[in-house]
Amino acid sequence: MMKFNLLATFCGTAMLLSACNPAPTTPIPASVVAPPSAIAEPVGKVVVYQAFTRLFGNSNPSNIPWGNAAQNGVGKFNDINDAALLALKQMGVSHLWLTGVPHHALIADYSAYGISADDPDVVKGRAGSPYAVKDYYSVNPDLAVDPANRMAEFSALLARAHQHGIKVVIDIVPNHVARHYHSLGKPAGVRDFGADDDTSVEYARNNNFYYVPGQPFVLPTLPAGFKPLGGEAHPLADGKFNENPAKWTGNGARAAQPDFNDWYETVKINYGVKPDGSYDFDRLPADFAGRSSAEHATFWQGKAVPDSWLKFRDITQFWLALGVDGFRYDMAEMVPVEFWSYLNSQIKQQRPDALLLAEVYQPQLYRDYIQLGKMDYLYDKVGFYDSLKLLMQGKGTASEVLARQQEVADIDRHMLKFLENHDEQRIASPEFAGNAEKGKPAMVVSTLIGTAPTMLYFGQEVGEAGALASGFGQPSRTTIFDYAGVPAHQGWLNGGRFDGGNLTPAQRDLREFYARLLQFSATAPALRGQLIPLHQQHLQTPGYSEQMLAFARSDTRQRLIVVANFADTASRFKLQLPADLVQQWQLANGPQPLTELFSGHAHSLQVESGVAVVPLTVKANSALVLLLP
């Protein structure tokens, strides 16, 4: 969720419970095709690739601010072709997160398909936020060549991905829906959110929304100079939106008139949490933190739960039946953990291999949402990502990054690492690091330091800077609200060939770096083994500093050493392994060969009387990954 005001007024105590080569265009042989249930867990780590579906396949370079789909183009499901999927598989990708699949509010005329118009006064941008879902039983009509056939086109993409051994994840946004939710695709017997609500009261257990009785919704006061659609005339852009009584806004704002920085395009879902923060549902026993998903599912059998729980159970089961392999949950921390226990245990009974990834930004809640909420993975943002970003910017220390990693050591395998996503600034943007090369040592550390999955945001691997002013929102992040092309990514896209034909040499080298690293991470057994920090012991070593981070990883099958240099100058120093590690690795006296992952260069680790030393030169903004045979 793009956050203009992350601090919700309804939160807090109410939630606490304590390829290196261009990809060929021919499909992969049938002999390596596997259905989703047969796709094996990688030997190394899960690799998640986030593709913003509307932008990923768009070859149009126009980029007119506030431009419509005809002017700026829009990517389709069909654009994610065999060439694209094979290139991702060659990069080590195991899961493709397709952002923006469920039908959300947008400004386009689809009345010929029975789709009602959306009001620009409560839609951010022209293409709309993917986190203002309008119909959970259909897909965004923008993404289909034939909107009448949009579900079949999405199903065909699922089949293509599965043929290439890639699982597919989509967004579910339980905290809020679009202000005008109306499902055309819902199965018989399914009722829309709010259809049966008692709107005369602020709260009722089985209401789907919260209300401001007796007060109509009032649009937020717009900032100076801002106009919906950039000021373009539209019959519904009249400064009004009919909602009476007003509903609470998606971030929990309770006023009939939300602020412009609130998530005013959405309304908050009620999960049985009363306005005073008390709960209107059964609580989980304290010892359920260690219980299995099956035991959680059994706990909820026969228990009455709020209507919104049932609706999202049915929604997720619908997508699983269609062939989706997992979900990324938006702003999961704003929904009570008992709901996640209920929902995720239901999902795991249907698909034990489903990947469940959640956006949670309160570290004190991490363990609750993993252990009680039965999440597979959480964003490791507050702590690890934030400290790593400061180090990349020359404002932080490697010791701080290592400390944040060690804070979550007990749940490390659940803490997904990333450097970019749709909410975060692009590395190459001036507001972040101003240079895609700064991402190299950080990506090595992020990918290799833990056991949890690594996530890559499309365009990151070719140095996309997010510099366009596309309409709603400011540059530094690639737009999620408007129709646009993504310039650096389009160099790899190359008109649908996905062969990098229009990349610069520097962009090609950068993508090769990412491909080699992610390929390695997906197949390296050491990354499921032990982390051995080597940082503190070298802080007094000449040539080593807080702008460097060294550690080792190993299991019984593989041993490796990682040294990252975040400085703008090269570093020369002697790395020494501690005596207990020399003994653990059973290193014999004499030279031990090391091979560097990216360059293939040979190094020699000199071992004598339990001491192991290797002299290293680490270039500016780079990293060495040294492999022992």
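The values are calculated or read from the model by the stated rules, or taken from the named source; none is laboratory data. A quick note: this is a predicted structure, and the numbers were derived from the prediction, not measured. We place every Cβ from the backbone using ideal geometry, glycine too, and count neighbours over all the protein chains shown. Surface accessibility is based on the protein's heavy atoms, side chains included, excluding ligands, DNA and RNA. Shrake-Rupley method; radii C 1.70, N 1.55, O 1.52, S 1.80 Å.
Structure data summary
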quantity	calculated
Entirely in region 560-611, the strands (runs of 3 or more DSSP E) that have 1 or more residues that are within 28 Å of Ala433 (Cα to Cα)	571-577, 590-596
Residue match in region 480-490 (condition: open to solvent by less than 30 Å² (accessible area, probe 1.4 Å) and closer than 19 Å to Tyr379 by Cβ)	yes
Selection within region 250-303 - of a type in the set (Ser, Thr, Tyr) and open to solvent by 10 Å² or more (accessible area, probe 1.4 Å)	Ser278, Tyr279, Ser292, Ser293, Thr298
Some residue of region 435-443 being within 22 Å of Tyr131 (Cβ to Cβ) and modelled with pLDDT of 95 or more	no
Those residues of region 72-93 which are under 17 Å from Ser521 (Cβ atoms), out of contact with any helix residue (DSSP H, G or I) (no Cβ under 6 Å at 6 or more places or on another chain) and open to solvent by 10 Å² or more (accessible area, probe 1.4 Å), in sequence order	Lys89, Gln90
Selection status of Ile532, open to solvent by less than 10 Å² (accessible area, probe 1.4 Å), in contact with a strand residue (DSSP E or B) (Cβ under 9 Å, 6 or more places away or on another chain) and not in a loop (DSSP other than H, G, I, E, B)	no
Candidates Leu388, Leu456, Leu402, Leu419 - the one that is within 15 Å of the chain's Cα centre (by Cα), among the hydrophobic types (A, V, I, L, M, F, W, C) and under 21 Å from Tyr366 (Cβ atoms)	Leu419
Residues that are among the basic types (Lys, Arg) and open to solvent by less than 30 Å² (accessible area, probe 1.4 Å), drawn from region 420-478	Arg426
Of all residues in region 41-71 being of a type in the set (A, V, I, L, M, F, W, C) and within 19 Å of Glu153 (Cα to Cα), the one that is surrounded by the fewest Cβ atoms within 10 Å (Cβ to Cβ)	Ala69
Test for Gly225: is it out of contact with any helix residue (DSSP H, G or I) (no Cβ under 7 Å at 6 or more places or on another chain), in a loop (DSSP other than H, G, I, E, B) and open to solvent by 30 Å² or more (accessible area, probe 1.4 Å)	yes
Scan of region 496-529 for residues that are open to solvent by less than 30 Å² (accessible area, probe 1.4 Å) and more than 30 Å from Asn78 (Cα to Cα), ordered by number	Ala524, Pro525, Ala526, Leu527, Gly529
Of residues in region 122-158 being basic (Lys, Arg) and part of a loop (DSSP other than H, G, I, E, B), the one surrounded by the most Cβ atoms within 10 Å (Cβ to Cβ)	Arg126
Failed criterion for Ala522 (all others in (1) of a type outside the set (S, T, N, Q); (2) touching a Phe, Trp or Tyr at 6+ places or on another chain (Cβ under 8 Å); (3) outside any strand (DSSP E or B) hold)	(2)
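Rundown of residues vs (1) farther than 22 Å from Pro258 by Cα; (2) of a type outside the set (S, T, N, Q); (3) out of contact with any strand residue (DSSP E or B) (no Cβ under 8 Å at 6 or more places or on another chain), yes/no style:
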| residue | (1), (2), (3) |
| --- | --- |
| Gln163 | yes, no, yes |
| Val169 | yes, yes, no |
| Ile172 | yes, yes, no |
| Val177 | no, yes, no |
| Tyr181 | no, yes, no |
| Phe193 | no, yes, no |
| Asn207 | no, no, yes |
| Tyr211 | no, yes, no |
